[in-house]
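Just below is one structure, and these are the notes that go with it.
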Amino acid sequence: MSEELKTGETAVRHHKNRHLYERFEGLIGVLMVAAIVVLAIGLIYGVVTTGDSTPAWMR
């Protein structure tokens, strides 16, 4: 470092994101929520269009 640190200051070096999860850390949560929403919409659509919530193999 070209500048000297003043008394009481510490140098903080951030680590590189080495793992795939760490690279997309913020995106993973959003994708999980989006997947749950899509599955819920598909479930509701299936129940509405068939008119029956019981699967065919259980009737």
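Here are a few things to note about the model shown:
- Here each label is just a point 7 Å from Cα along the line to Cβ, and for R13 and L39 those points are 4.2 nm apart.
- Each of T54 and Y21 was given a label point 7 Å from its Cα along the Cα-to-Cβ line. The distance between the two points is 4.3 nm.
None of the figures in this text is laboratory data; all of them are computed from the coordinates on show. Just so you know, these numbers come straight off a predicted model, no measurement behind them. Neighbour counts run over all protein chains shown; Cβ positions are idealised from the backbone, glycine included.
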